[in-house]
Structure formats: structure tokens, C-alpha cells
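Please read the structure below before turning to the comments.
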Amino acid sequence: MNNARSVPPLRRTPDQILGPFYPLNSIADRTGDLTGSPGRPERASGEILLVKGRVLSSTGRPIAGARLEVWQANSAGKYRHPSDTTSEPLDPNFDGFAVLLTDQEGGYSFRTVKPGGYRTPHGDLRPPHIHFIVDFGVDRLITQMYFAGEQQNLTDRWLLAAPHPDLLIATIDGQAHGPWPASRWPRW
């Protein structure tokens, strides 16, 4: 008789829209630090975060070598994209696009600024969020990470349309090591 307890599969992080501001810049940051740009001495404006997470299979097995594309608006809510015609200023020290690979434990981390929310051309007010494309094997996930406690989370149509919106919301841990708080998003 097998005494091992059956562990229920992990819930998959919900898919989200790709969005209208997928980066056109083919030069992505590969250092894991979006708070600075090569050749620019200044740091990006805004609250600096360390975003950490893991890519896991539905059984909890770490996915090593998964490719993550990450992009976001700057702290004022402006994307570095020609279709973003809002009046918010671009941050000359923030490109907002990175490509990362997970480590042997499925882990990843990157430094960035907390993105600002913004109004869409349709009048919706989007909460702060970070876009992700995660490619692993034959599987691909397009999703977004939101931040706990944001008022706009309560009305965002894309977050509320998710089957499990709670899986898309990260908490900011002010007790992280280093001079920046960490955003924890436990699994895909």
C-alpha cells in the first residue's frame, strides 16, 4: 500500500492579454536590472522593486531554462512605445523591457521600478502591472502581475476576467534584503 499523500496540482497562473504596448525595441535588458540603462549614468525614477518568482510545473517541479520576456510602463504610467500617446513623460533612464532565463530551481529575479497606472484610450484606468511572456518547452504563458492594495484592481476588466485573479496579485515585502522591497509572486 502506498502511504504517500496525493498532492493536488498547482493552479496555472491565468492568461492575460498581450496588450497594445509589446516592445518594438529588439534590444532587451539581459542583466536583470531595469532601473538603469547602459550608457546612462542616472537611475530610473520611482520606487525600486526586486521582483522574484519561480516557474513551476503543475506538479511543482521547477522549470529550469524557461525564457521570460518582461515589459512595463515607467513609474508615471508611460510605455516606451510609439502607440502610447498619453501626455505622461518618458523616463530617459527607463526602457522597461527585459529577457531572462530561469535558474536550475526555476527561479528568476529582476530589479525594476513600480509601474504607474494609466488611462486607456477607451477611458479605463489600468492598475500598475508588469507584463510577462513565459516560454517553457512547448508551453507559453502570456500574463500580467498586479500589486496588492491597488484601488484600480477592483475595477480592472482584465484582472477581473481572470478565472483566479488572486494568482495574478503580488505583495510587496518591505523586509526584503537590500535597499529595495521585494515583490513576491510564488508560481506560474
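Numbers at a glance
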| quantity | calculated |
| --- | --- |
| In the range 49-87, residue nearest to Gly36 (Cα to Cα) [restricted to those that are in a loop (DSSP other than H, G, I, E, B) and among the aliphatic types (A, V, I, L, M)] | Ala73 |
| Qualifying residue in the range 170-183 (condition: over 21 Å from Pro62 (Cβ atoms), at pLDDT 95 or above and open to solvent by 20 Å² or more (accessible area, probe 1.4 Å)) | no |
| In the range 124-134, the residues that are open to solvent by less than 40 Å² (accessible area, probe 1.4 Å) and not aliphatic (A, V, I, L, M) | Arg126, Pro127, Pro128, His129, His131, Phe132 |
| The one condition in (1) modelled with pLDDT of 95 or more; (2) in contact with a Gly (Cβ under 7 Å, 6 or more places away or on another chain); (3) open to solvent by less than 70 Å² (accessible area, probe 1.4 Å) that Gly107 fails to fulfil | (2) |
| Which listed residue, of Gly53, Gly46, Gly36, Gly65, is surrounded by 13 or more Cβ atoms within 10 Å (Cβ to Cβ) and modelled with pLDDT under 90 | Gly36 |
| Pro163, sole failed condition from (1) in a loop (DSSP other than H, G, I, E, B); (2) open to solvent by 50 Å² or more (accessible area, probe 1.4 Å); (3) without any contact (Cβ under 8 Å) to a residue 40 or more places away in the chain | (3) |
| Within the range 93-126, tally of residues that are of a type in the set (S, T, N, Q) and part of a loop (DSSP other than H, G, I, E, B) | 4 |
| Leu90, sole failed condition from (1) at pLDDT 95 or above; (2) part of a loop (DSSP other than H, G, I, E, B); (3) open to solvent by 10 Å² or more (accessible area, probe 1.4 Å) | (1) |
| Checking Arg140 against (1) surrounded by fewer than 15 Cβ atoms within 10 Å (Cβ to Cβ); (2) in a loop (DSSP other than H, G, I, E, B), the condition it does not meet | (2) |
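The values are calculated or read from the model by the stated rules, or taken from the named source; none is laboratory data. In this text, all values refer to a predicted model and were calculated from it rather than measured experimentally. Cβ coordinates were reconstructed from backbone atoms using ideal geometry, including for glycine residues, and neighbour counts include every protein chain displayed. Heavy atoms of the whole protein, side chains included, go into the accessibility calculation; ligands, DNA and RNA do not. Shrake-Rupley method; radii C 1.70, N 1.55, O 1.52, S 1.80 Å.
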